[in-house]
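A.B. asks: This is the structure I want to talk about, given as structure tokens.
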Amino acid sequence: MLTESDLPSAVKLDDQVTNTTIPAFSDKLMLFHILNLLSTAAGYYGAALALSQRRDLGTTYFSMIIEVLKYAEDGINIMIKNGWMEEPPTFVDRDRLSKKKKK
């Protein structure tokens with residue numbers, strides 16, 4: 001209908017499907033991107049919650065944030081189980097460093 005009316009329409013992705021059985025991307029990379037999207041979704045719901053003037057929508061946004069975070073927790077647990085979770089950044093122990101210099 002859009003094409004008949006000379007309006008832009010979504011591009012079909014049929015030509016991008018291949019018959020390969022070898023995955024193009026690793027499970028680790030795909031899970032990382034999924035978790036990144038989930039954290040973005042939780043942030044968007046948080047922004048919607050903060051801007052919502054209606055109490056009923058606020059409770060809906062809040063419950064959706066909880067659901068998204070539960071789903072993200074499952075993904076993080078998969079990453080930990082497979083050893084894909086890297087060590088988070090930590091701070092430098094300044095006391096230990098200052099004691100090394102005194103010796």
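Where a number appears in this text, it was derived from the coordinates with a stated rule and is not lab data. Remember, predicted model here, so these are calculated numbers, not experimental data. Using ideal geometry, Cβ is built from the backbone for each residue, glycine included, and neighbour counts are taken over all protein chains shown.
A.B. asks: So for the chain, if I pair up every lysine 8 or more residues apart or on another chain, how many of those pairs have alpha-carbons under 28 Å apart?
C.D. replies: 4
A.B. asks: Using packing as a proxy for protection, rank 57-69, 22-34, 80-92 so that the peptide with the highest average count of other Cβ atoms within 10 Å comes first.
C.D. replies: Top to bottom by mean Cβ count within 10 Å: 57-69, 22-34, 80-92.
A.B. asks: Taking the alpha-carbon centroid of each part, what is the distance from region 74-91 to region 3-70 in angstrom?
C.D. replies: Each part's Cα centre sits 22 Å from the other's.
A.B. asks: Note down the magnitude of the dipole of region 22-85 about its Cα centre, charges +1 on Lys and Arg C-beta and -1 on Asp and Glu C-beta and zero elsewhere, to the nearest 20 debye.
C.D. replies: With Lys and Arg at +1 and Asp and Glu at -1, about 100 debye.
A.B. asks: Each residue of region 25-33 in order: what ³J(HN,Hα) in whole Hz does its phi give by Karplus 6.51 cos²θ - 1.76 cosθ + 1.60, θ = phi - 60°, with x for Gly and Pro?
C.D. replies: In residue order, the calculated couplings are 10, 6, 4, 4, 5, 5, 5, 4, 5 Hz.
A.B. asks: Let me ask you something else. Quantify how much of the Cα-Cα distance distribution of region 15-103 extends past 21 Å, in percent.
C.D. replies: 58
A.B. asks: Work from the charge dipole of the chain (Cβ charges, +1 for Lys and Arg, -1 for Asp and Glu, about the Cα centre) and give the residue of L29, A10, L57 farthest towards its positive end.
C.D. replies: The residue sitting farthest along the positive end of the dipole is L29.
A.B. asks: Something else now. Among L97, I80, M1, flag the residue with its Cα farthest along the positive direction of the charge dipole of the chain, charges on Cβ as +1 for Lys/Arg and -1 for Asp/Glu.
C.D. replies: The listed residue farthest towards the positive side: L97.
A.B. asks: Related question: Apply the Karplus curve 6.51 cos²θ - 1.76 cosθ + 1.60, θ = phi - 60°, to the phi angles in region 45-57 and return the couplings in whole Hz, x for Gly and Pro.
C.D. replies: Each residue of region 45-57 in turn: 5, x, 5, 5, 4, 5, 9, 6, 9, 9, 5, 5, 5 Hz.
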